Amino acid sequence: MRARVFILTILVLLFALQHAAAGTPPTEPILRIETGMHTALIKRIAVDGLGRYLATASDDKTCRVWDIKTGEELRVLRPPIGNDYEGRLYSVAMSPDGRYVFCGGWSGYGWDKAHSIYVFERESGRLVRRLTGLPSVVNHLTVSHDGDYLAAALGEDGVRVWRLSDLALIGQDKDYKGESYGAAFDGKNHLATACYDGQIRLYRVADTGLTLVAKAQAQGGARPFSLAFSPDGSQLAVGFTDTAAVAVLDGETLGLLGAPNLAGVDNGNLASVAFAADGSLLAGGRWVTDRGCPIRSFKPSDFVQYRDLDTGKSAVVTLCPLPDGGLAYGTVAPRWGVLRPDGSFGMTRSPAIQDFRSSVRTFYLDRTGETVAYAVGGRKGVSRFALPGRDLRHLNAPTPDLAAPRTQAQGVAVTGWEGGRTPLLNGQPLKLKDFETSYSLALSPDNRRLALGTSWNVRAYGIDGAPLWQTPAPDAVWAVNVSGDGRVVAAAIGDGSIRWYRMEDGREILSFFPHADGKRWVLWTQTGYYDASSGGEDMIGWNVNNGPDHAADFFPASRFREAFHRPDVLDLALRTLDETKALGAANVARGGDVRAPSVLTARPPVVEILTPAAGAGFAAADMTVKYAVRSPGGEDITAVRVLVDGARVGEERPNLAGKGLEPSVLSAKVVLPEHDVVLSVVAENKNGPSAPATVRLKWSGKAAVAPVAAPAAKLYVLAVGAGAYADKSLALTYPAKDAKDFAAAMELQKGRLYGDVVTRVLTDEAATKEAVLNGLDWIERQTTQHDVAMIFLAGHGVNDKNGDYYFLPTSVDLEKLRASGLPFMEVQKTIRNIAGKTLFFVDTCHSGSIMGAGRRGMTDVNGVINELSSAGNGAIVFAASTGRQYSLEKPDWQNGAFTKALVEGVLGKADNRRTGRVTFKMLDLYISERVKELTGGEQTPTTGVPGTVEDFPIAAY
């Protein structure tokens, strides 16, 4: 490999000189789904020369870099994007040293009227260069084995090759008559390409240019897709999209050597091919068996003997050999995984989206469209979400109020719509775009309209076949339905979202994303007003472009919670079918106009950890953390906090002048514990805290010796139980006992997990506003960074008309809520300022002033959970119920259901592995299952965990 000591300097200089004059990416923020995994088809994957890092490019407009051994996401690379197709990534490659990642696709055409390849620095995520002026989409990228050259196969106009030392274009061939999807280097800088004109081409690549040395008509299929050289370069394998054939060619002459044994391959294709390090040939694609979509592995040389490797049920899109003899693969699901050299599974990263592909006839709506149910692949029954009450639950069967899509009616015959490009209505074609495919259908209740879901759009037609409207969809539309009143079309989409459209004109009104875990969800309007479950609000956020030559920023919704968390607007969205009207009505109910929020004028800082690198080992406790921080809107940086396992270990107040896109590089000295840790840095400006920059580090020093004496850490507990209210209509039976029982259970930890346990218990008449405030001040002052704080609140809570939450002390006067209630911002400030690890237990769900005996609560606890468990506050939050459910208490339990399960769990029942310790994740699982059991599924506890915290023990027995 050529030495590239000065490559970064060269790239930066060229980058500074080359600004795109043609146009600028959209400046308005673009709402995106973000789950920590791709939400759309993984088009290509690439690895570095040592097999440490894996990069994935996806239709979801992101490129992601992963630790190939642990599966940890190390970096999200975000090129500038636009709407519709602009920004979809079809290709990715990595330099052999792992320093640079190259990606492209439908990239830049929206403003340059030409496509680009983006060059990212892997470790920092910086966009250091664009290769511009390409006439067509970038379908495939590959780097030569020595790291000297980058080649691109284009949708039209052939192939391009650049020299990597200076990124100069050194060769091109435009004499192609079709789309190109395949390109591969051998070890001697020969480049082979495949094109849908049926030709395989072989070039010699040198600094002097690109020389065509052979050209041959592909044999075995008309559309050659992927190529792979054998390790010694003597053979070239070709996979096809139009047939299940695989051809093996001579690596120097392109003469046909033969075909591997394809016994039993009788459908689909084996479009993706690769050679393993030992010379085995591997091929996968859309070939389907009763086991799913396997990869066939042929023994070297003769390719007669084979074995089929299981990769799951999704079609295989891309293969990439690993240096150790294993194989990485990407699928439609989207999922990526690793097969070890023996064919067994290594690391796998599965999608976080629901798979709606089987929902075409099992996608249900109620009469108003406010309740939706859907079946997902591999699971019996349906998941049901009711907008009123925000109730998400799994049912064995749809309820009677729900109806499946109607696909036929008397006098209405629609054919050819299931996977076809020419659907017919009563024999007449329904107009689609070229290559657009229809997947789903629903007739309106009056049979006067029909909705069609396609690969690109949600469409509506009159009963005469006349197009009424089309609305672009973010992915394939697998299912559609029309509400019983005919006002709304709902669509289940390939990115895992469900979206509601106004039947009148196709305007999108509301979007819902349920996580694959069946618990978390987020609901939002087009402007970005949202509501979310516990842990759900950061599953959407805003992509903000920084011009054509800089990486885009992504800001999770939680960074703008105060302005955009508007459950009241969501409540009215489908009733008004107009976001502006819903917002206006919600504002009137709040007592007046509410200022329109702006993401661009309220952006928090952006921070990146430069060293240590993610996954790095450390053998000494003392460490210097180097980080880059910037303020995109130009506001001053007012504070930077360093967290270890969620606990604050350092804080700086640099008062840096904001520099927009130019980062300031700072460092902080920290002392780490002698075990694996999560290290995070959070910066603040006047708009609030940044999303945390986080790396996981591995302790590589000597194993810590277990202490002989009791541990030194202290546990501080503030337990508040308010049940004997002065307002007798608010009376609850068990909150006081709940608080006492929890404190007593934790006192047993003295000398076990903690050196000391100090409790302060406030119940009934003692649970005044002043006493609770004093208790919060006490626990904040006492807890050091080495300690653990637990706050327990049981009683009533309410939201005022503005959505602000108040805990109700026993002396509360509901007519004077602001004066007599405890604003939750006081709890938030305390938790934010506590130096040690913090756990918050709240049993105040679905308000309750006049809810009847045995029910306590607040209007909606989800917002509180998300606020307290965000990185800026850092608490692990356990809530008795989710959304607007009731929190139940019964004489049979002598507690609230939540506290009964909580106490049982910390006393040992949560230790399902019999380790002698209970971690917070063990406790979460136990409480969840136990409360469901106690309440017959009426109450669903929920937990919010900051991304800066790893699991840790909270009790021992």
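The values are calculated or read from the model by the stated rules, or taken from the named source; none is laboratory data. Note that the structure is a prediction, hence the values are computed from the model and not measured. Methodologically, a virtual Cβ is constructed for each residue, glycine included, from the backbone with ideal geometry; neighbour enumeration extends over all protein chains shown.
Exactly one condition in (1) within 30 Å of G326 (Cβ to Cβ); (2) within 36 Å of the chain's Cα centre (by Cα) is false for Y196; which is it?
(1)
When only residues in the range 1-40 that are at pLDDT below 50, under 32 Å from the mean Cα position of the chain (by Cα) and part of a loop (DSSP other than H, G, I, E, B) count, which is surrounded by the most Cβ atoms within 10 Å (Cβ to Cβ)?
Among those that are at pLDDT below 50, under 32 Å from the mean Cα position of the chain (by Cα) and part of a loop (DSSP other than H, G, I, E, B), it is A20.
Within the range 270-292, take every residue that is within 22 Å of S314 (Cβ to Cβ) and surrounded by fewer than 24 Cβ atoms within 10 Å (Cβ to Cβ) and give me the one that is modelled with the lowest pLDDT.
Per the criteria, the residue is R291.
Looking only at the range 591-606, how many residues end up being of a type in the set (K, R), at pLDDT 85 or above and closer than 25 Å to N799 by Cβ? Give the derivation first.
Of all residues in the range 591-606, those of a type in the set (K, R) come to 595, 603.
From the residues that got through so far, the ones that are at pLDDT 85 or above too are 603.
From what's left, closer than 25 Å to N799 by Cβ: none.
Qualifying residue count, the range 591-606: 0.
Tell me, which residue of the range 640-658 that is part of a strand (DSSP E or B) and of a type in the set (K, R) is farthest from V945 (Cα to Cα)? Write out each step before concluding.
Step one: filter the range 640-658 for residues part of a strand (DSSP E or B), giving 640-644, 647-652, 656.
Those still in the list that are of a type in the set (K, R) too: 641, 648.
On the way: R641: 18, R648: 16 Å.
Going through the qualifying residues, I end up with R641.
Scanning for something over 25 Å from T437 (Cα atoms), crowded, with 20+ Cβ neighbours inside 10 Å and not aromatic (F, W, Y), does the range 399-410 turn up at least one residue?
There is at least one residue in the range 399-410 that is over 25 Å from T437 (Cα atoms), crowded, with 20+ Cβ neighbours inside 10 Å and not aromatic (F, W, Y).
When you look at G905, is it surrounded by 15 or more Cβ atoms within 10 Å (Cβ to Cβ), in the same structural domain as A736 (by TED's automatic domain parsing) and closer than 18 Å to G535 by Cβ, yes or no?
Values: surrounded by 15 or more Cβ atoms within 10 Å (Cβ to Cβ): yes; in the same structural domain as A736 (by TED's automatic domain parsing): yes; closer than 18 Å to G535 by Cβ: no.
In short, no.
Suppose we filter the range 64-96 for residues that are part of a loop (DSSP other than H, G, I, E, B), within 24 Å of R340 (Cβ to Cβ) and not small (G, A, S); how many remain?
5
Looking at D800 and the list (1) surrounded by 18 or more Cβ atoms within 10 Å (Cβ to Cβ); (2) of a type outside the set (S, T, Y); (3) under 30 Å from G592 (Cβ atoms); (4) in contact with a strand residue (DSSP E or B) (Cβ under 8 Å, 6 or more places away or on another chain), which single condition is not satisfied?
Of everything listed in (1) surrounded by 18 or more Cβ atoms within 10 Å (Cβ to Cβ); (2) of a type outside the set (S, T, Y); (3) under 30 Å from G592 (Cβ atoms); (4) in contact with a strand residue (DSSP E or B) (Cβ under 8 Å, 6 or more places away or on another chain), D800 misses just condition (1).
Which of the residues spanning the range 107-159 are within 23 Å of L54 (Cα to Cα) and among the basic types (K, R)?
Within the range 107-159, R122, R126, R129, R130 meet the criteria.
Please list, ordered by first then second residue, the pairs with beta carbon atoms under 7 Å, 6 or more apart or interchain, first in the range 555-584 and over 14 Å from V599 (Cβ atoms), second among the polar types (S, T, N, Q) and part of a helix (DSSP H, G or I).
Cβ pairs passing all conditions: A582/T576.
Give me a count of the residues in the range 824-841 that are of a type in the set (D, E, K, R), buried (at least 18 other Cβ atoms within 10 Å of the Cβ) and over 13 Å from L715 (Cβ atoms). Don't jump to the end; show me each part of the working.
First, pick out the residues of the range 824-841 that are of a type in the set (D, E, K, R): 826, 829, 832, 837.
Applying the additional criterion that residues be buried (at least 18 other Cβ atoms within 10 Å of the Cβ) yields 832, 837.
Okay, now just the ones that are also over 13 Å from L715 (Cβ atoms), so 832.
Here the count works out to 1.
Which residue out of R520, R487 is charged (D, E, K, R) and free of Cβ contacts under 8 Å to residues at least 40 places away in the same chain?
Just one listed residue meets the conditions, R520.
Sort through R99, R129, R122 and tell me the only one that's crowded, with 20+ Cβ neighbours inside 10 Å, under 27 Å from the mean Cα position of the chain (by Cα) and closer than 24 Å to L322 by Cβ.
Step by step, each of R99, R129, R122 is checked, and only R122 is crowded, with 20+ Cβ neighbours inside 10 Å, under 27 Å from the mean Cα position of the chain (by Cα) and closer than 24 Å to L322 by Cβ.
What residue, of S107, S116, S136, is assigned to a loop (DSSP other than H, G, I, E, B), farther than 23 Å from W66 by Cβ and among the polar types (S, T, N, Q)?
Numbers: S107 fails: farther than 23 Å from W66 by Cβ; S116 fails: assigned to a loop (DSSP other than H, G, I, E, B).
Just one listed residue meets the conditions, S136.
Taking into account only those residues within the range 352-382 that are over 25 Å from D59 (Cβ atoms) and small (G, A, S), which is surrounded by the fewest Cβ atoms within 10 Å (Cβ to Cβ)?
So, considering only residues that are over 25 Å from D59 (Cβ atoms) and small (G, A, S), the one surrounded by the fewest Cβ atoms within 10 Å (Cβ to Cβ) is G381.
I want to confirm something. Restricting to the range 327-351 and keeping residues that are small (G, A, S) and at pLDDT 95 or above, which single residue is surrounded by the most Cβ atoms within 10 Å (Cβ to Cβ)?
G330
From the list K61, K43, which residue is buried (at least 24 other Cβ atoms within 10 Å of the Cβ), modelled with pLDDT of 95 or more and outside any strand (DSSP E or B)?
The unique qualifying residue is K61.
Answer yes if at least one residue in the range 886-895 is among the charged types (D, E, K, R), at pLDDT below 85 and either part of a helix (DSSP H, G or I) or assigned by TED's automatic domain parsing to the domain that holds V644 (or both), and no otherwise. So that I can check it myself, show each step before the final result.
Taking the range 886-895 as the starting set, the residues that turn out to be among the charged types (D, E, K, R) are 889-890, 892.
Of the ones still in play, those that are also at pLDDT below 85 are 889.
Among the residues that remain, those that are also either part of a helix (DSSP H, G or I) or assigned by TED's automatic domain parsing to the domain that holds V644 (or both) are: none.
Checked the range 886-895: no residue is among the charged types (D, E, K, R), at pLDDT below 85 and either part of a helix (DSSP H, G or I) or assigned by TED's automatic domain parsing to the domain that holds V644 (or both).
Kindly indicate the residue of the range 418-433 that is hydrophobic (A, V, I, L, M, F, W, C) and in a loop (DSSP other than H, G, I, E, B) and also nearest to the chain's Cα centre (by Cα) among those meeting that condition.
Going through the qualifying residues, I end up with L432.
Identify all residues within the range 915-951 that are farther than 22 Å from D843 by Cα and modelled with pLDDT under 90; write none if there are none.
Within the range 915-951, G947, T948, V949, E950, D951 qualify.
With the structure loaded, tell me whether A771 is under 24 Å from G896 (Cβ atoms), within 34 Å of the chain's Cα centre (by Cα) and of a type outside the set (F, W, Y) or whether it fails that test.
So A771 fails the test.
Condition check ((1) polar (S, T, N, Q); (2) touching a residue at least 60 places away in the same chain (Cβ under 8 Å); (3) within 23 Å of G646 (Cβ to Cβ); (4) out of contact with any strand residue (DSSP E or B) (no Cβ under 9 Å at 6 or more places or on another chain)) across all residues:
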| site | (1), (2), (3), (4) |
| --- | --- |
| S680 | yes, yes, yes, no |
| A683 | no, yes, yes, no |
| T694 | yes, yes, yes, no |
| A722 | no, yes, no, no |
| L730 | no, yes, no, no |
| T733 | yes, yes, no, no |
| G755 | no, no, yes, no |
| K769 | no, no, no, no |
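For G650, only one of the following conditions fails: (1) closer than 29 Å to T830 by Cβ; (2) crowded, with 18+ Cβ neighbours inside 10 Å. What is its number?
Of (1) closer than 29 Å to T830 by Cβ; (2) crowded, with 18+ Cβ neighbours inside 10 Å, only one is false for G650: (2).
With V599, V588, V607 as the choices, which residue is hydrophobic (A, V, I, L, M, F, W, C) and in contact with a Ser or Thr (Cβ under 9 Å, 6 or more places away or on another chain)?
Numbers: V599 fails: in contact with a Ser or Thr (Cβ under 9 Å, 6 or more places away or on another chain); V588 fails: in contact with a Ser or Thr (Cβ under 9 Å, 6 or more places away or on another chain).
Criteria check complete, one pass: V607.
Would you mention how many residues in the range 588-625 are touching a Leu at 6+ places or on another chain (Cβ under 7 Å) and in a loop (DSSP other than H, G, I, E, B)?
Adding up the residues that qualify gives 4.
I'd like to verify a number: residues in the range 383-397 that are crowded, with 19+ Cβ neighbours inside 10 Å and over 22 Å from the mean Cα position of the chain (by Cα), how many?
So the first thing to find is which residues in the range 383-397 are crowded, with 19+ Cβ neighbours inside 10 Å, and the list is 384-385, 387, 390, 392.
Add one more test, that the residue is over 22 Å from the mean Cα position of the chain (by Cα), and what stays is 387.
Count: 1.
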